[in-house]
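To start, the structure itself, in structure tokens.
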Amino acid sequence: MALIRKKKKPEPEIPSSSMADISFLLLIFFLVSTVIDVDTGIGLTLPEYVPPDQIQTAPISKDRMAALLINEQGDVLLDGNVIAIPQISKNLKARIESKIELDKNKKLIVSIKTDRKTSYNLYIQALDQVRMAFNEVREEYSKRKFGKRFIDLDQDQAQEVKEKIPVIISIAEPELIKK
Amino acid sequence: MKFEKKRAGVKQQIPTASLPDIIFMLLLFFMVTTTMREVDVFVKFKLPEAKAIEKIENKRLVNYIWIGEDGRIQVNDAIVKVSDIQDIMYKKRQALPNLIVSLRIDKGQSMGIVTDIQQELRKAYCLRINYSAMMKE
């Protein structure tokens with residue numbers, strides 16, 4: 001008897017060799033059309049705008065203020081003393097620390113004032129130093145009090161640290177005469 | 001005498017069956033980590049560097065103002081004048097009350113223009129700003 005055997009059909013197959021090419025194309029499309037955006041920076045809240053003729057000046061004790069002046073040559077004046085930019089944070093740290101336990105309305109205010117021709121880069125460097133001083137004091141305080149780093153604190157603890165060491169940076173009102 | 005190069009008897013082939021999977025993985029990575037370019041930036045700028053920087057958490061709230069090295073100001077997708085900023089930003093703030101303005105300013109710029117823009121922003125009540133800066137190594 002002749003052996004009747006069903007002819008074996010070749011297995012149906014989708015050719016997948018071009019799959020890699022297709023996905024490469026897609027990959028290249030996404031590579032070209034996208035940007036990896038870095039949204040990092042120094043946050044700040046501006047004061048509300050008050051027309052120049054309505055500005056009221058409140059007296060603030062000299063002890064509370066740290067006035068930072070940066071002129072167009074890049075010289076930095078902290079309360080009348082010339083210092084270099086990398087020294088700002090060290091100078092401010094001690095002053096912030098001395099005010100941790102004081103009342104809310106006696107914390108240190110850092111006022112930054114620049115000239116119109118001061119380079120923006122210098123201003124950012126100075127602002128960075130000020131922020132760094134505040135951050136370091138916060139860090140040390142939370143380590144001392146809670147034994148944790150500032151970012152690891154829970155919400156209540158972080159709030160307490162923030163209340164004890166508020167970041168008050170004031171951008172001085174631009175002077176109209178210099179324009 | 002005949003010399004013949006010795007060859008291994010097995011087939012020499014790199015298996016390429018998993019190549020599409022690998023590429024797809026790469027593709028997915030890029031799709032997840034990147035955002036679409038929304039506007040074309042016309043101005044050329046180089047951000048300053050700083051150490052004490054933070055990430056803007058809510059990207060939806062961010063609005064950019066670019067100032068290039070030539071002093072041109074760009075908001076959204078157009079070059080504007082300093083005096084236009086107040087109107088534009090005021091409208092934006094009405095649509096989105098707690099917006100953050102990210103200032104992407106070339107590091108060679110002077111403070112004069114920065115102060116002018118800040119004054120405009122204060123008039124428009126856009127008080128939350130962020131000086132865009134790169135991480136210093």
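The values are calculated or read from the model by the stated rules, or taken from the named source; none is laboratory data. Predicted, not measured: the structure shown is a model, and the values here were computed from it. Heads up, the Cβs are rebuilt from the backbone with ideal geometry, glycines too, and the neighbour counts pull from every protein chain shown.
Take B:Ala78 and decide whether it is in contact with a Phe, Trp or Tyr (Cβ under 7 Å, 6 or more places away or on another chain) and more than 7 Å from every other protein chain (Cβ to nearest Cβ). Break it down stepwise before answering.
Values: in contact with a Phe, Trp or Tyr (Cβ under 7 Å, 6 or more places away or on another chain): no; more than 7 Å from every other protein chain (Cβ to nearest Cβ): yes.
Considered against the rule, which asks whether it is in contact with a Phe, Trp or Tyr (Cβ under 7 Å, 6 or more places away or on another chain) and more than 7 Å from every other protein chain (Cβ to nearest Cβ), B:Ala78 comes out as no.
Of everything listed in (1) within 18 Å of A:Thr45 (Cα to Cα); (2) more than 8 Å from chain A (Cβ to nearest Cβ), the single unmet condition for B:Val41 is (1). Of the residues making up region A:141-158, those that are in a helix (DSSP H, G or I) and surrounded by 15 or more Cβ atoms within 10 Å (Cβ to Cβ) number 6. The residues in region B:110-125 that are at the interface with chain A (Cβ under 8 Å from one of its Cβ atoms) and not in a strand (DSSP E or B) can be counted, and the count is 10.
None of B:Pro97, B:Pro48 is crowded, with 19+ Cβ neighbours inside 10 Å, of a type outside the set (Val, Ile, Thr) and under 30 Å from A:Phe150 (Cβ atoms) except B:Pro48. Give the residue that is nearest to A:Asn135 (Cα to Cα), with candidates limited to residues of region A:75-100 that are modelled with pLDDT of 80 or more and in a loop (DSSP other than H, G, I, E, B). Looking at residues that are modelled with pLDDT of 80 or more and in a loop (DSSP other than H, G, I, E, B), I get A:Ser98.
When region A:40-50 is filtered for residues that are part of a loop (DSSP other than H, G, I, E, B) and either more than 29 Å from the chain's Cα centre (by Cα) or under 18 Å from A:Asn121 (Cα atoms) (or both), nothing remains.
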